[in-house]
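Heads up, the thing below is written out as structure tokens.
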Amino acid sequence: MSKQREARCNCGKLSVEAQGEPAWVSACSCQACQRRTGAPFGVMAFFPMEQLSIAGDAKRWKRPCDSTNEAVHHFCANCGSTVYVESEATPGILAIAVGCFTDPDFPQPQFAAWGEHRHNWIAFPESCREVQGQDFS
Ligand SMILES: [Zn+2]
Ligand SMILES: [Zn+2]
């Protein structure tokens, strides 16, 4: 049986159940992620849609983007937590906010994007490859 995890907002009205492991996990220090989370960086776990089931109604906000890829934040209308983000760059895949799992054993990020905006006191582990911008190729 594959692993099952639940990500949810603070009040519990919006949740996502994820089956199995994420395709990848990445940290991001871009300014949009800083503002989205209120934290110095965001961490997202990318899951194919077919591994996910969503419960509750998300409010959507399409964020303006420096790159050509648009991202849509999905958040709880009641408490405001962003639970997942949909991006044009990754069709068929949803990025789930790792903090919403509140799981200290959640797999750590393999990538860290937007190193140029990383707060100076933060050091990602060596196993987490940091890039400028978001080009991991
Ligand atoms: Zn909520
Ligand atoms: Zn970001």
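Looking for whichever is among the polar types (S, T, N, Q), open to solvent by 30 Å² or more (accessible area, probe 1.4 Å) and more than 18 Å from E6 (Cβ to Cβ) here; the options are Q51, Q108. Which one fits? Steps first, please.
Working: Q51 fails: more than 18 Å from E6 (Cβ to Cβ).
Only one candidate qualifies: Q108.
Just to be sure I understand the filter: pairs with C-beta atoms under 8 Å, separated by 6 or more residues or on different chains, first member in segment 23-51 and without any contact (Cβ under 8 Å) to a residue 60 or more places away in the chain, second member hydroxyl-bearing (S, T, Y) and away from ligand 1 (no atom under 16 Å from the Cβ). Which pairs pass?
Going by the 8 Å Cβ cut-off, the qualifying pairs are M44/S26; F46/S26; F46/T90.
Taking the options C33, C79, name whichever one is of a type outside the set (S, T, Y), within 16 Å of ligand 1 (Cβ to nearest atom) and outside any strand (DSSP E or B).
Details: C33 fails: within 16 Å of ligand 1 (Cβ to nearest atom).
Going through C33, C79 in turn, just one is of a type outside the set (S, T, Y), within 16 Å of ligand 1 (Cβ to nearest atom) and outside any strand (DSSP E or B): C79.
Would you point out the residue of segment 1-27, among those that are outside any strand (DSSP E or B), under 15 Å from M44 (Cβ atoms) and open to solvent by less than 70 Å² (accessible area, probe 1.4 Å), that is nearest to ligand 1 (Cβ to nearest atom)?
From segment 1-27, those outside any strand (DSSP E or B) are 1-3, 9-14, 20-23; that's our starting set.
Now drop any that are not under 15 Å from M44 (Cβ atoms), which leaves 21-23.
So of that shortlist, the ones also open to solvent by less than 70 Å² (accessible area, probe 1.4 Å) come out as 22-23.
On the way: P22: 22, A23: 26 Å.
Only one residue tops the list, namely P22.
When both residues are 6+ apart or on different chains and their Cβ atoms are under 9 Å apart, which pairs have a first residue that lies in segment 101-130 and is acidic (D, E), and a second that is part of a loop (DSSP other than H, G, I, E, B) and open to solvent by 50 Å² or more (accessible area, probe 1.4 Å)?
Between residues of segment 101-130 that are acidic (D, E) and residues that are part of a loop (DSSP other than H, G, I, E, B) and open to solvent by 50 Å² or more (accessible area, probe 1.4 Å), the close pairs are E116/Q132; E130/R118.
Provide a single number: the residues in segment 9-38 that are within 16 Å of ligand 2 (Cβ to nearest atom) and out of contact with any helix residue (DSSP H, G or I) (no Cβ under 8 Å at 6 or more places or on another chain).
Summing the residues that are within 16 Å of ligand 2 (Cβ to nearest atom) and out of contact with any helix residue (DSSP H, G or I) (no Cβ under 8 Å at 6 or more places or on another chain) in segment 9-38 gives 9.
Does E86 count as open to solvent by 40 Å² or more (accessible area, probe 1.4 Å), outside any helix (DSSP H, G or I), under 14 Å from F46 (Cα atoms) and free of Cβ contacts under 8 Å to residues at least 24 places away in the same chain? Outline the logic, then answer.
Values: open to solvent by 40 Å² or more (accessible area, probe 1.4 Å): yes; outside any helix (DSSP H, G or I): yes; under 14 Å from F46 (Cα atoms): yes; free of Cβ contacts under 8 Å to residues at least 24 places away in the same chain: yes.
Answer is yes for this residue.
The values are calculated or read from the model by the stated rules, or taken from the named source; none is laboratory data. Note that the structure is a prediction, hence the values are computed from the model and not measured. Backbone-built Cβ (ideal geometry, glycine too); neighbour counts: all protein chains shown. These area figures cover heavy atoms from the full protein model, side chains too; ligands, DNA and RNA do not enter into them. Shrake-Rupley method; radii C 1.70, N 1.55, O 1.52, S 1.80 Å.
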